[in-house]
1. Would you order B:325, A:4 from fewest to most other beta-carbon atoms within 10 Å of each residue's own beta-carbon?
2. Return P(r) of segment A:1-97 (all Cα-Cα pairs; 10 Å bins starting at 0; whole %; ordered from short to long distances).
3. Comparing B:74, B:209, B:351, which has the greatest mean-square fluctuation in the GNM of chain B with Cα pairs linked when under 10 Å apart?
4. Roughly speaking, what is the centre-to-centre gap between segment A:143-176 and segment B:322-364 when only Cα atoms are used, to the nearest Å?
5. Compute the distance in nm between two label points, each set 7 Å from the Cα along the Cα-to-Cβ direction, one at residue A:141 and one at residue B:78.
6. Hull surface divided by four, with the convex hull built on the Cα atoms of segment B:43-209: how many nm²?
7. If you count the DSSP beta bridges with both ends in the protein assembly as shown, what percent of them are antiparallel, to the nearest 5?
8. How far is the Cα center of segment B:77-123 from the Cα center of segment B:157-182, in Å?
Ligand SMILES: Nc1ncnc2c1ncn2[C@@H]1O[C@H](COP(=O)(O)OP(=O)(O)OP(=O)(O)O)[C@@H](O)[C@H]1O
Ligand SMILES: [Mg+2]
């Protein structure tokens with residue numbers, strides 16, 4: 001199986017009063033269906049790397065391929081479509097829209113994609129809520145849920161379009177160890193059931209243990225790849 | 001949020017309708033009972049020849065409402081030892097009535113029927129102590145004396161008329177002044193009195209007659225017009241100020257919601273919403289807020305106007321002015337509010353185009 005994510009010699013410099021280089025010549029690729037984590041000290045460039053993989057940010061130099069397509073030169077609209085259909089994001093904060101219920105929030109990426117909600121997608125959403133163990137709160141307003149429930153709703157939202165890639169940046173950063181354990185197991189289950197490629201940025205070595213591969217990054221360079 | 005816009009628009013509607021109604025009432029009370037265009041003779045004997053053809057032509061040339069002819073001249077009215085200067089006005093009663101509304105103004109007696117009958121204004125009747133059936137003598141500068149009988153007393157609302165006009169049959173006036181079959185003026189009303197000058201110009205050109213003068217009320221009422229113009233300008237200024245505040249209200253409401261929405265838009269972009277659709281969210285929101293706010297504002301403004309009229313109306317007295325609901329004005333205000341809401345939404349919509357999801361994620 002080929003690489004679904006591939007970075008070639010990627011540099012990233014944040015322009016400013018003092019230019020800050022966050023990534024130095026990163027070569028990295030992930031196999032389709034793999035489950036990996038990225039670890040490193042604070043400020044080492046993990047989020048920068050993940051955002052570039054997810055096409056939210058562009059490299060200063062180098063090339064990025066998703067699914068064999070070069071993305072660093074793509075137009076904004078095509079990137080939006082690519083993200084919508086191929087990549088799901090989970091961040092440390094859930095970013096749910098407070099005016100909507102959990103299930104409505106989860107359906108937003110599908111709405112963006114097809115402009116409507118049908119029975120099939122509702123069933124899929126309910127399945128995912130079940131899987132995450134939060135079907136009891138799926139009709140709650142997003143603001144009226146616990147942090148763990150909100151984060152798991154955000155995970156359902158990331159998975160609703162059945163993306164081939166799920167990128168997570170400290171998804172368990174705000175969760176207690178019990179929920180963290182549970183979310184890790186969910187990730188594994190989804191990885192095995194749907195063949196979704198997982199890349200998880202984490203500080204937590206317990207989380208990293210659930211993955212098959214750990215990429216260590218220091219000062220913007222890949223230090224180890226286990 | 002919507003309330004701010006609603007209040008601004010209700011003020012716009014309230015002020016606009018009041019000013020316009022007052023203006024209309026003022027014009028109507030000044031001009032409602034007089035000809036809008038008057039054609040007189042410019043030759044020495046003050047009469048118009050071949051006026052019958054002219055009346056026919058006028059009706060063909062321009063859309064006029066009433067065309068009435070009159071034979072008029074200055075004279076003295078005498079009763080006993082008192083003598084007063086008067087203006088004898090010979091009218092065909094039915095036609096002139098459509099301009100001056102004479103029949104409704106007769107408060108005692110009845111219109112003239114015979115050639116020897118006149119109706120006399122309120123003030124003149126008091127000065128000459130005239131009542132129904134009394135006789136008076138009218139002497140013209142040409143030296144003719146005519147004896148006439150009072151058939152009715154009128155009050156046309158203006159004391160200058162009530163004091164001087166002796167209204168009688170066309171034939172009576174003609175004979176008195178020796179006009180033969182001629183008349184001294186043709187009086188015209190038009191449906192839109194503010195277009196009287198345009199119609200007058202058209203008539204003047206088309207009639208193309210050196211022996212007549214065409215005048216319209218606008219020339220003769222410069223002062224009133226200036227007053228109206230001043231009112232119009234001040235009302236325009238008020239409305240412009242209100243319009244600006246409507247736009248400011250709408251854009252501040254929207255910019256607050258933009259601050260709240262920025263994070264959401266950023267995250268929606270991460271989920272693949274296209275820039276254009278993200279921008280449309282704001283336009284749509286601006287449109288909705290503008291729609292609801294302006295409809296509320298119109299309802300509120302109309303209720304204010306009605307409340308104002310109700311409060312200022314004293315039982316048994318005529319209202320201060322006649323309320324006119326100008327639908328085109330309301331429609332215009334509504335469209336402006338809607339348009340400015342959308343316009344105000346364009347700025348945040350444009351800013352949302354530039355927004356990158358990374359900016360939002362980094363903020364945390
Ligand atoms: N917008 C920015 N402008 C300038 N410098 C930035 C910007 N974003 C990140 N950096 C810098 O780039 C480097 C990498 O940042 P990044 O957020 O990728 O680190 P991280 O590994 O995710 O850290 P953490 O574990 O704390 O989230 C840091 O030195 C940071 O200061
Ligand atoms: Mg980070």
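Please treat every number below as a calculation from the coordinates, not as lab data. Source: prediction; values computed, not measured. Reconstructed Cβ throughout: ideal geometry from the backbone, glycine too, with neighbour counts over all protein chains shown.
1. B:325, A:4
2. 14, 46, 34, 6, 0
3. B:351
4. 34 Å
5. Computed distance between label sites residue A:141 and residue B:78 equals 9.6 nm.
6. 9.8 nm²
7. 70 percent
8. 8 Å
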